[in-house]
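The values are calculated or read from the model by the stated rules, or taken from the named source; none is laboratory data. Note that the structure is a prediction, hence the values are computed from the model and not measured. A quick note on method: Cβ atoms are made from the backbone with ideal geometry, for glycine too, and the neighbour counts reach across all protein chains shown.
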Amino acid sequence: MSVLDDIIVGVRADMAVREAAIGLDELVDRAFAAPEPRDPLPGFRAPGLSVIAEVKRSSPSKGALADIPDPEELALAYAAGGAAAISVLTERRRFGGSLDDLVRIRSRVDRPILRKDFTVEPYQIYEARAHGADLVLLIVAALDDATLERLYTLSLELGLTPLVEVHTPDEARRAAGLGAALIGINNRNLKTLTVDLGMFERIVPLVPAGAVKVAESGILTAGDAARVRSAGADVILVGEALVTHDNPRVAIAELIAAADAGTR
Ligand SMILES: O=C(O)c1ccccc1NCC(=O)[C@H](O)[C@H](O)COP(=O)(O)O
């Protein structure tokens with residue numbers, strides 16, 4: 001079983017526990033009662049490189065990264081450093097996240113928030129909306145065509161912006177077929193966990209010109225940010241480099257400055 005498949009087994013088990021406590025009908029009511037989501041796309045399309053800054057405690061590839069006892073303080077530092085959006089990993093078993101992190105950050109931070117999880121069921125989309133998310137992640141590798149289309153359409157119906165994540169030419173074709181406005185190219189292979197920034201460079205020509213292009217994972221230095229920027233990234237999604245930095249606010253500002261100056 002691949003790492004991705006193994007993560008999804010745990011995600012489904014945890015979701016079953018939450019669904020036993022709050023059924024789908026109740027969750028749908030909560031989702032429609034939540035405030036209108038923010039649209040991240042105008043910010044992502046503004047001149048200059050945008051950063052989605054991630055709240056990430058641990059990962060399958062690196063183990064423990066940071067304790068993050070106050071996720072809202074970290075997210076506020078990200079916003080002060082110029083992050084265009086905040087990514088909150090809500091998966092518990094491998095990333096140490098929770099929906100409570102999302103709620104806490106939503107209550108203090110005005111930037112669009114991505115619920116970063118392994119979305120496989122409509123329940124999670126309603127859950128994201130009910131807890132104040134503005135974006136949801138749809139990993140193409142984890143979804144068959146029918147489920148991908150269903151979750152994509154539901155996200156839009158709820159006013160959420162789907163970040164459609166790809167890692168292969170075929171997945172890029174499937175994302176383009178949806179008409180996705182926000183396409184992420186993950187430099188990390190979720191089956192082997194190897195990271196290769198060349199992945200963004202190879203896949204980005206296959207992404208439709210009108211889509212916002214996000215380079216995800218493995219961006220550790222200003223040089224890395226400049227590299228994907230020069231290959232066509234509108235946005236970078238960064239976790240490890242920020243949560244392990246002693247000054248995340250400064251770290252974001254440096255990534256943006258280096259990328260826009262073309263520094264490598
Ligand atoms: O980070 C992992 O090890 C990982 C393993 C398996 C599935 C997903 C994984 N990460 C989720 C992400 O997409 C990253 O957290 C995100 O792109 C930021 O990556 P990084 O800047 O390398 O922390």
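The residues on offer are ILE105, ILE86, ILE68, ILE113, and the sole one that is β-branched (Val, Ile, Thr) and more than 25 Å from LEU182 (Cβ to Cβ) is ILE68. Which is charged (D, E, K, R), touching a strand residue (DSSP E or B) at 6+ places or on another chain (Cβ under 7 Å) and either closer than 26 Å to VAL3 by Cα or away from the ligand (no atom under 15 Å from the Cβ) (or both), of GLU157, GLU216, GLU149? Just one listed residue meets the conditions, GLU216. Taking segment 212-252 as the range and being within 16 Å of the chain's Cα centre (by Cα) and either more than 25 Å from SER58 (Cα to Cα) or of a type in the set (Gly, Ala, Ser) (or both) as the test, the residues that pass are VAL212, LYS213, ALA215, SER217, GLY218, ALA233, ASP234, GLY239, ALA241.
Of the residues VAL103, VAL28, VAL109, VAL55, the single one that is β-branched (Val, Ile, Thr) and within 22 Å of LEU190 (Cβ to Cβ) is VAL55. Candidates GLY159, GLY177: the one that is touching a Pro at 6+ places or on another chain (Cβ under 6 Å) and surrounded by fewer than 21 Cβ atoms within 10 Å (Cβ to Cβ) is GLY159.
Screening ALA211, ALA142, ALA130 for residues that are in contact with a strand residue (DSSP E or B) (Cβ under 8 Å, 6 or more places away or on another chain) and either within 14 Å of the ligand (Cβ to nearest atom) or in contact (Cβ under 8 Å) with a residue 12 or more places away in the chain (or both) leaves exactly one candidate, ALA211.
Residues in segment 6-13 include none that are in contact (Cβ under 8 Å) with a residue 60 or more places away in the chain, within 16 Å of the ligand (Cβ to nearest atom), more than 26 Å from GLY159 (Cβ to Cβ) and not in a helix (DSSP H, G or I).
Per the listing LEU190, LEU220, LEU154, LEU237, the residue uniquely out of contact with any Ser or Thr (no Cβ under 7 Å at 6 or more places or on another chain), not in a loop (DSSP other than H, G, I, E, B) and not hydroxyl-bearing (Ser, Thr, Tyr) is LEU154.
When residues in segment 180-195 are screened for being more than 12 Å from the ligand (Cβ to nearest atom) and surrounded by fewer than 17 Cβ atoms within 10 Å (Cβ to Cβ), 0 of them pass.
Evaluated against (1) within 16 Å of the ligand (Cβ to nearest atom); (2) under 20 Å from ILE125 (Cβ atoms); (3) free of Cβ contacts under 8 Å to residues at least 24 places away in the same chain, GLY198 falls short on exactly one condition, (2). Applying the set (1) over 27 Å from LEU193 (Cα atoms); (2) in contact (Cβ under 8 Å) with a residue 24 or more places away in the chain; (3) not hydrophobic (A, V, I, L, M, F, W, C) to LYS56 leaves exactly one unmet item: (1).
For segment 59-67, the count of residues that are out of contact with any Lys or Arg (no Cβ under 6 Å at 6 or more places or on another chain) and either surrounded by 24 or more Cβ atoms within 10 Å (Cβ to Cβ) or within 23 Å of PRO162 (Cα to Cα) (or both) is nonzero.
Being surrounded by 24 or more Cβ atoms within 10 Å (Cβ to Cβ), within 25 Å of ALA20 (Cβ to Cβ), within 12 Å of the chain's Cα centre (by Cα) and at pLDDT 95 or above is a condition met by at least one residue of segment 119-133.
When we screen ALA85, ALA21, ALA13 for residues that are within 24 Å of VAL195 (Cβ to Cβ) and either surrounded by fewer than 19 Cβ atoms within 10 Å (Cβ to Cβ) or of a type outside the set (S, T, N, Q) (or both), the only hit is ALA85. The number of residues in segment 24-37 that are exposed (fewer than 14 other Cβ atoms within 10 Å of the Cβ) and assigned to a loop (DSSP other than H, G, I, E, B) comes to 2. Residues in segment 240-254 that are within 11 Å of the ligand (Cβ to nearest atom) and assigned to a helix (DSSP H, G or I) were compared, and the one that is nearest to ASP70 (Cα to Cα) is VAL243. Taking segment 48-60 as the range and being in contact with a strand residue (DSSP E or B) (Cβ under 7 Å, 6 or more places away or on another chain) and polar (S, T, N, Q) as the test, the residues that pass are SER50, SER58.
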